[in-house]
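Q: Below is one structure. I have some questions about it.
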Amino acid sequence: MSETYPLQRESEFSWRIEPTGKMRVPGIIYADEELIRAMDDKVFEQLCNVAGLPGIVQAAYAMPDAHWGYGFPIGGVAAFDADQGGVVSAGGVGFDISCGVRALRTGLTIDEIEPVKKQLADALFRQIPVGVGSTGRIHLNDKGMTAMLRGGARWAVEQGFGEMEDLQHIEEKGCMAGAVPDEVSARARKRQQDEMGTLGSGNHYLEVQRVAQIYDQRIATAFGLRENDVIVFIHCGSRGLGHQIGTEFLKYMVLAASQHGIELPDRELACAPINSELGQAYLGAMRAGINCALANRQIITHLTRQVFADVLPKADLTLLFDVSHNTCKVETHLVDGRKRKLYVHRKGATRAFGPGNPDLPETLRAIGQPVLIGGSMGTESHILAGSEKGTELSFNSACHGAGRAMSRHQATKLWKGRSVVDELADRGIIIRSPSMRGVAEEAPGAYKDVRAVVDAAEKAGLAHKVARVEPHVCIKG
Amino acid sequence: MGLRGYGATQAQAFEQVALALTATVTDLHRVRSSQCVTIECEGEDRELLLVDWLNALVFEMATRRMLFSRFEVRFVDRRLLGKAWGEAINRERHSPAVEVKGATYTALKVAQLANGEWLAQCVIDV
């Protein structure tokens, strides 16, 4: 337990740091005792720093998978009111704008893919560009880029990548409003021109998974999930374009902080008032970055469908949902009995709208939003649903993954990529990756226990567990 | 991931950090230094300049699809004049592990140590 930060236990799964010094609101952490003991003091330090930013509302939150990040903790949630001097922060969104997870049903059961699993893995690895230096088949000129940045997944569907029906099951219906492509620099565009429809590297992946366990039959049925069904998880973000937007605006915000009268305890917390030229410019560019990520996952979905059509013609890939976990979005939340329009930053945190939320598609409105939690490649992932209590607990936010338990460097000292691949193969999990060192860095043992994280999220009331899924094929960046 | 470079001068420390940047992606000895790219950054603050230098390299790596294994840095007034030698990414030979998204302001430090040596460090996002 932290000796430096006075954590008060509010409930079995909720901890509080009362405001002291420059903190304007408390810090609240959702975790069980074991997870909180394992958290680095840096998480609490960063949470307290976030709690001191201008215009922050209610509290600075950390999700059960929180670990220390750049400025904001990863697994951090903070909402700001523009009319109270609230800020928007490039560091509070992160470099990989709108990085997220998309889940597809396949209409197949595990028995049907077992005989062709290797063929499926090879075809996916061949067709979906993955890893450092890979390029997509779509090369956008400046006009095409602008249309993509404005239209997101909607643009991708109009280009022939997927179905209109898909858009209903994507946050913002596949197109983030308020994107301003003119705020996306020539350098950011250049980084993206050959990267549409690429998975990237690091912790990004595409997995073919089996529904191994159903926790909530009613919600699973509504989500169209049964035990032994095969589903696909796609985890990637806004690629080079998002990284470049993050890089550039972080610097602009660092340089302008003093002009805006903002005192930064850590330069990485760089932010600008929402109601400022720079704040608005970032929001326009960041929203364009969200569209880039949505378009990217839509194109990868299309490629995945093509592969399944070749290998398993019976397959019918339909979109369960697409969530983003690095964003800042304008949402209305009830604070002290009053509805307020807030700029909610989620950095490594998943939006988790509960039942009845008007932004959910009709098919999901009575049930709550699917919350997709990716685990490490050899373990398991989880599907949850947003809860009724989410809005008061965390502005409808939940965890986003397992979170690393050790550095990449430590992981390569403990594991070799080839032996990780062989060990997973013995357990029926096929890994395809252009980099064995990348596989070692992403070894399952380098991550925390994702089950402990989702259990804590459920018990804290952030989301309901619906199903646990296990990987069978993993295309790893 | 944290990068740290030491050198007899600030310029050398910047060159060393750049080597560390490549080492996060691949083994340095696998990268041939056959092609040269020039980089120029400008600024008053030497720490911000370090982030600019690394981000300029990240940009060149991403858009030219190259890796670099040799660096030269010179400071002229407020400007950093850099050269990076490398080659196009070869996925078989380099087996690149991660793509660097950007250099951050976290743990950012450029300073002369008590022994006279220069230190340059920051955390990068991969």
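We did not get these values from a lab; they are worked out from the coordinates using the rules stated. Computed from a prediction, not measured in an experiment: that's the story for all the values here. Cβ atoms come from the backbone with ideal geometry, glycine included; neighbour counts cover every protein chain shown.
Q: What is the calculated FRET efficiency for residue A:310 to residue A:139, with r their C-beta to C-beta distance and R₀ = 30 Å, to the nearest 0.05?
A: Computed FRET efficiency for residue A:310 and residue A:139 comes out at 0.80.
Q: Using the alpha carbon gyration tensor of the range B:2-125, what are the three equivalent-ellipsoid semi-axes (square root of 5 times each eigenvalue), largest first, in whole Å?
A: Each semi-axis is the square root of five times an eigenvalue, giving 23, 15, 13 Å.
Q: Return the loop-located chymotrypsin sites (Phe, Trp or Tyr not before Pro) in the range B:5-106 (DSSP other than H, G, I, E, B) with at most 16 other Cβ atoms within 10 Å of their own Cβ; answer none if there are none.
A: none
Q: Placing +1 at every Lys and Arg Cβ and -1 at every Asp and Glu Cβ, with all other atoms neutral, what dipole size does the range B:2-125 have around its Cα centre, in debye to the nearest 20?
A: Roughly 380 debye for the range B:2-125.
Q: Let me ask you something else. Would you pull out the residues with amide H under 5 Å of residue A:88's amide H, same chain only if 5 or more places away, H placed 1.01 Å from N?
A: Placed amide hydrogens put A:272, A:274 under 5 Å from residue A:88.
Q: Same structure again: Counting Lys +1, Arg +1, Asp -1, Glu -1, what net charge surrounds residue B:97 among other residues with beta carbon under 10 Å of its beta carbon? Don't skip to the answer; put the middle values down first.
A: Numbers: positive: A:408, A:437; negative: A:441, A:442, B:27, B:99.
Every neighbour counted, the sum reads -2.
Q: Give, as a single signed number, the net charge of other residues whose beta carbon lies under 13 Å from the beta carbon of residue A:323, with Lys and Arg counted +1 and Asp and Glu -1.
A: Every neighbour counted, the sum reads +1.
Q: Per-residue HN-Hα couplings for the range A:343-353, Karplus 6.51 cos²θ - 1.76 cosθ + 1.60 at θ = phi - 60°, whole Hz, x for Gly and Pro?
A: Result, ordered by residue: 9, 8, 8, 10, 10, x, 9, 9, 5, 9, 5 Hz.
Q: Let me ask another. Run the helix sum for the protein assembly as shown: -39,500 (n - 2.57) per DSSP H stretch of 4+ residues, divided by residue count, reported at 222 nm to the nearest 500 deg cm²/dmol.
A: Mean residue ellipticity, 222 nm, calculated: -10000 deg cm²/dmol.
Q: Between residue A:158 and residue B:113, what is the spin-label point distance in nm, taking each point 7 Å from the Cα along the Cα→C-beta axis?
A: 5.7 nm
Q: Could you pull out every residue, at least 5 positions away or on a different chain, whose amide H is within less than 5 Å of the one on residue A:59? Hs are placed 1.01 Å off N in the peptide plane, and Pro or chain starts have none.
A: Long-range HN contacts for residue A:59: A:79.
Q: Given the pairs A:22/A:389; A:42/A:465; A:143/A:190; A:413/A:448; A:347/B:101, which span a C-alpha to C-alpha distance of over 19 angstrom in this model?
A: Distance filter (> 19 Å) returns A:22/A:389; A:42/A:465.
Q: For a paramagnetic label modelled at 7 Å from the Cα of residue A:2 toward its Cβ, which residues of the range A:69-105 fall within the zone defined by backbone nitrogen distances under 11 Å?
A: A:73
Q: Right, here's the next one. Could you tell me the distance between the Cα centroids of the range A:124-161 and the range A:191-245, to the nearest Å?
A: Here the two parts' Cα centres lie 17 Å apart.
Q: Can you list the residues, at least 5 places off or on another chain, whose amide H is less than 5 Å from the amide H of residue B:102, using H built in the peptide plane?
A: B:125
Q: Taking the Cβ of residue A:68 as the center, what net charge do the other residues with Cβ under 9 Å away carry, scoring Lys and Arg +1 and Asp and Glu -1?
A: That sum, taken over residues with Cβ under 9 Å, equals -2.
Q: Among B:115, B:55, B:90, whose mean-square fluctuation peaks in a Gaussian network model of chain B (Cα, cutoff 10 Å)?
A: Maximum fluctuation in the GNM of chain B, among the listed residues, is at B:115.
Q: A further question follows. Can you tell me the 0 to 90 degree angle between the C-alpha axis of helix B:10-25 and the longest principal axis of chain B, rounded to 10?
A: Rounded to the nearest ten degrees, it is 30.
Q: Considering only C-alpha atoms, what is the centroid distance from the range A:252-298 to the range A:1-80, in Å?
A: 22 Å
Q: Another one. Assuming a viscosity of 0.890 mPa s and a temperature of 25 °C, what translational diffusion coefficient in µm² per second does Stokes-Einstein assign to the range A:195-346, Rh being the Kirkwood radius over Cα pairs? Could the numbers behind the result be given before it?
A: Values: Rh = 18.7 Å.
For the chosen part, D equals 132 µm²/s.
Q: Further, regarding this structure: Across 10 Å bins from 0, what is the distribution of all Cα-Cα pair distances for the range A:101-160, in whole percents?
A: In whole percents, the pair-distance histogram is 16, 33, 32, 16, 3.
Q: How big is the protein assembly as shown along each principal axis, measuring the range of its Cα positions in Å and listing the largest first?
A: Dimensions of the protein assembly as shown along the principal axes of its Cα atoms: 67, 56, 48 Å.
Q: Express in nm, to one decimal, how much length is gained between residue A:258 and residue A:277 on full extension, taking 0.36 nm for each residue of separation and deducting their alpha carbon distance.
A: Going from the current span to full extension adds 5.4 nm.
Q: Mind checking the angle between helix B:46-64 and chain B's longest principal axis? C-alpha axes, 0 to 90 degrees, to the nearest 10.
A: The angle comes out at about 10 degrees.
Q: Counting alpha carbon pairs within less than 8 Å and at least 6 residues apart, what relative contact order, in whole percent, applies to the range B:2-125?
A: Here the relative contact order equals 36 percent.
Q: Something else now. For A:123-133, what's the mean count of beta carbons from other chains sitting within 10 Å of each residue's beta carbon?
A: Mean shielding by partner chains, rounded to a whole number: 3.
Q: Each residue of the range B:98-103 in order: what ³J(HN,Hα) in whole Hz does its phi give by Karplus 6.51 cos²θ - 1.76 cosθ + 1.60, θ = phi - 60°, with x for Gly and Pro?
A: 9, 9, 7, 7, x, 8
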